[in-house]
1. Between Asp62 and Ser142, with labels modelled 7 Å along Cα→Cβ, what's the label distance in nm to one decimal, could you check?
2. Which residues in the stretch 71-94 place their backbone N less than 15 Å from a point set 7 Å from the Cα of Asp52 along the Cα-to-Cβ direction?
3. Need one number: the % of Cα-Cα pairs in the stretch 52-151 sitting beyond the 17 Å mark.
4. What net charge do the residues around His105 carry, taking every other residue with its C-beta under 13 Å from that of His105, with Lys and Arg at +1 and Asp and Glu at -1?
5. Using a cut-off of 15 Å between beta-carbons, work out the net charge of the residues near Ser118 (Lys and Arg +1, Asp and Glu -1, Ser118 not included).
Amino acid sequence: MLYSVDASLFVNRESMNTEKLQELVQLRRAIRIRPKYATDQAIHGFPLMVSDHFVLIQEVNDFHLDGFTVIPLRNIFAVRSGKVERMMERILTAEGVYDKVGLPHEIRLDSFRDLFRSIQKLGKHVIVDSLELDGDMMDEDSFIGKIVGMSPRSV
């Protein structure tokens, strides 16, 4: 199982908050997230955990569960959970996939440090995507592997 963490990248702040996201977690509802900086890309899946700073999503691609992604709430542009997502839930149920939605490990979402420590304890590989904005320029980096150490500014 692979964990993906978007370390750079809220939900439309006028219409969504952590309580609404938590309700979607409890209802096991599919969502579509549009990241703030990669608006041409969307993340489809199920929110499994929400903290004051992050949301953990089990991703769905081509009607298959496809790992987990953690996104800082401040970097989410919009969240949708409507009739398209209900259709996805019906298809996943018919395919026997919906019952497999869930988090097999304990993950802490209190801070980046707690998040990375909990993934490190699992010995799992992680993809860390980072985005640095400098005026009109964007610098994107991706790192993949097991977490072998951490400092206050790096993993």
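Just so you know, all these numbers are worked out from the coordinates, no wet-lab data involved. Here the structure is a predicted model, which is why all the values come from computation and not from measurement. Here the Cβ is made from the backbone with ideal geometry for all residues, glycine too, and neighbour counts use every protein chain on show.
1. Going by the 7 Å Cα→Cβ label model, 1.6 nm.
2. The answer is 73-74.
3. Values: 3131 of 4950 pairs.
Above the 17 Å cut-off, the stretch 52-151 has 63 percent of its Cα pairs.
4. Working: positive: Arg108, Arg117, Lys121, Lys124; negative: Glu106.
Net charge in that neighbourhood comes out at +3.
5. Details: positive: Arg108, Arg113, Arg117, Lys121, Lys124, Lys146; negative: Glu106, Asp110, Asp114.
With Lys, Arg at +1 and Asp, Glu at -1, the neighbours total +3.
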